[in-house]
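One structure is given below, encoded as structure tokens.
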Amino acid sequence: MNPTDHENDNRLVMELQQTWEKLEGTYTVSPATLDVWESLVQEQRRHLKRRLWREVILFWVVAVPLIVGFILLASGLSTWFWILQGLFVIAGIPLLIVELRGYPDKGETQYD
Amino acid sequence: MSNDNEISRFGRLSQAELASLLREHYGLVFHYLLKVTMDRSLAEDMTQETMIRAIEKIDRYDGSSKFSSWLITIGTRLFLDAVRKRKREQKRTLQEEARLSSLQWETEARGTRWTELLDSLEKLSNEERMPLVLKHYYGYTYEEIGEMMSLPPGTVKSRVYYSIRKIREEWSEDESDRS
């Protein structure tokens, strides 16, 4: 790169910086009051806690039938195993549907 | 930055501390996203999304970087995800074109002249504009930008180089037109 190119690039970068500064100045920001931010943080933390508990419960809802099933199979109680598996499927499908419906759709519309 | 030290020293922040920290950085994140997206309403949405993500992930912030850099990284990744998703769904449309000119309209309505440079910046793709802003406005290194954008530093360097080239070509054309 010859010195003229370098100088031109530096000039352009300086012009760009000024342009961005002007753009910032044009769109000044006045954030909401601290109370609003505090309630946002509170609400998000509450939401996060709820989601965590839901995930823990879901984990056990899946894990318990598996553990009980293995215990029953190991004890040779295959009839009870199948009855319990059937019950868990009947209870599990509506739960799965509810869970899938409740899952937030983070599609592009959120950014549009 | 004293706030960064506070976070690393005290670990989990109280509700009021976090709220005040986010409020303090709201403008910085918004202005960064405005320069990158060249779309005011999208920048506002992405800023809010960034703040929500920051609240969710605050426990993972270890104070090894500035809080502002951490927020900028979240905003960068959120925006890149949105861009990739839109690309996948092939929906870069008239709506997007209209948005671009809406910034010009709004900027002029606010009394600021829409320069040739803003026009050139607008013509760059998001992936080109982002490293340019991070490098030449915020002063991050190529390595830091690479980490933010999940790209090798060499790729970042060439994107910045070619963006400058592109703008310079248009800029010199405009200058020669004027003279």
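Residue-by-condition table, conditions (1) of a type in the set (Lys, Arg); (2) not assigned by TED's automatic domain parsing to the domain that holds residue A:91:
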{"site": "A:11", "(1), (2)": "yes, yes"}
{"site": "A:22", "(1), (2)": "yes, yes"}
{"site": "A:50", "(1), (2)": "yes, no"}
{"site": "A:53", "(1), (2)": "no, no"}
{"site": "A:62", "(1), (2)": "no, no"}
{"site": "A:71", "(1), (2)": "no, no"}
{"site": "A:77", "(1), (2)": "no, no"}
{"site": "A:80", "(1), (2)": "no, no"}
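When residue A:61 is tested against (1) surrounded by 12 or more Cβ atoms within 10 Å (Cβ to Cβ); (2) farther than 30 Å from residue B:131 by Cβ; (3) within 11 Å of chain B (Cβ to nearest Cβ), exactly one condition is not met: (3).
Take the range B:52-88 and flag every residue that is among the acidic types (Asp, Glu) and in a helix (DSSP H, G or I).
Within the range B:52-88, the subset among the acidic types (Asp, Glu) is B:56, B:59, B:62, B:81.
B:56, B:59, B:81, listed by residue number.
Looking only at residues of the range A:14-49 that are among the aliphatic types (A, V, I, L, M) and facing chain B (nearest Cβ under 8 Å), we find that the one that is surrounded by the most Cβ atoms within 10 Å (Cβ to Cβ) is A:41.
The values are calculated or read from the model by the stated rules, or taken from the named source; none is laboratory data. The shown structure was predicted, so the numbers you read here are calculated from the model rather than taken from an experiment. Note that we place each Cβ from the backbone using ideal geometry, even for glycine, and neighbour counts take in every protein chain shown.
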